[in-house]
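A short write-up of the structure that comes next.
Just so you know, all these numbers are worked out from the coordinates, no wet-lab data involved. Please read all numbers here as calculations on a predicted model, not as lab measurements. Cβ: placed from backbone, ideal geometry, glycine included. Neighbour counts: every protein chain shown.
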Amino acid sequence: MGNINQPNLVKFFFGLIFNENFNIEEVYKILEQKFNNKIDIFSPAIDFTFTKYYNKEMGEKLKRQWISFETPKMPDNLADMKIETNNIEDSFANDKNRIVNIDPGYITPANVILASTKDFSHRIYLSKGIYAEVTTIYRKEGFTKLPWTYPDYLCPTATEFILKARQCLLKKQG
C-alpha cells in the first residue's frame, strides 16, 4: 500500500482572451484581490487568430495573454478558481456576451493543467461541475503537444511564458 502524501505546490496562471478595446488591467486587479496573490509574469498580448470560436460573442479583434501568480498554492484550489473566474467574466459581460474570457490553470514541473466546465474523454472531474485536463506535458526542455492541446498553447508566446513560469516554480520549490 502506498502512503498518502500532500501534493506539491503549483504555479497558478490564467489564459486571457479579450476584446482589444477592453482594459485588461481591471481584470489583473480583481484577480489579485480575489485570490490574494500577486501577478508576477505577464506574457505579451498577441492577436488571437487561432480560432473564430469567440468572435460572435466577443468581437472580431481579440487579444490573447497569459499571466501567473507569484506564490505557489495547493492544486486543489483549481475548481473554486474556475467558478470565481466565471463570475468575474459575467461581471464584465454586455447583454450576456463576454468581453473577457479567463481560464485558470496551473503549472507543475511535469505538465500544464487547465480547468473547464465541459466534460470530455480526456478530462477528469474535480468538483462543483469543474473538470481538469492535462494540456501539455514537459519533456526534454520543452512542452509536448497532446491530441487535444489548443494550438495557442503551442505558440511561441505561450511556450515562452510557460517555461518562464515553470522556472520560477522550480526555484521556489528549491
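Measure nothing fancy, just the Cα-based angle from helix 78-92's long axis to the longest principal axis of the chain, in degrees from 0 to 90, nearest 10.
10
Tilt of helix 25-35 relative to the longest C-alpha principal axis of the chain, in degrees (0 to 90, nearest 10)?
40
Provide Ser68, Ser116 in ascending order of the number of other Cβ atoms located within 10 Å of each residue's Cβ, fewest first.
Ser116, Ser68
Which value, in debye to the nearest 20, describes the size of the charge dipole of the chain about its Cα centre when Lys and Arg Cβ atoms bear +1, Asp and Glu Cβ atoms bear -1, and nothing else is charged?
Around 500 debye, computed over the chain.
If each DSSP helix of 4+ residues adds -39,500 (n - 2.57) and the sum is divided by the residues in the chain, what number results at 222 nm, nearest 500 deg cm²/dmol?
My calculation for the chain gives -8500 deg cm²/dmol from helical runs alone.
Which of rounded, prolate or oblate describes region 11-173 when judged by the alpha-carbon gyration tensor and an a/c cut-off of 1.5?
In terms of gyration-tensor shape, rounded.
So which of Lys63/Lys96; Lys11/Lys34; Lys34/Lys128; Lys34/Lys140; Lys38/Lys96 end up more than 24 Å apart, counting from Cα to Cα?
Lys34/Lys140; Lys38/Lys96
Could you pull out the trypsin sites (Lys or Arg not before Pro) across region 38-145 that fall in loop regions by DSSP (anything but H, G, I, E, B) with no more than 16 other Cβ atoms inside 10 Å?
Answer in residue order: Lys38, Lys52, Lys61, Lys96, Lys118, Lys128, Lys140.
Whole Å is fine, so just give me how far the alpha carbon centre of region 19-51 lies from that of region 132-174.
18
Which of the lysines could a cross-linker bridge to Lys61, judged by Cα under 18 Å and excluding same-chain residues fewer than eight apart?
Answer for Lys61, where 18 Å is the Cα cut-off: Lys52, listed by chain and number.
If you filter region 65-110 for GluC sites (Glu not before Pro), then keep DSSP loop positions with at most 14 other Cβ within 10 Å, what is left?
Glu70
Output the 0 to 90 degree angle, nearest 10, between the alpha-carbon long axis of helix 156-173 and the longest principal axis computed from the alpha carbons of the chain.
Roughly 40 degrees, rounded to the nearest 10.
As a footprinting exposure proxy, order Ile162, Ile41, Ile4 by other Cβ within 10 Å, with the fewest listed first.
Going from sparsest to densest Cβ surroundings: Ile4, Ile41, Ile162.
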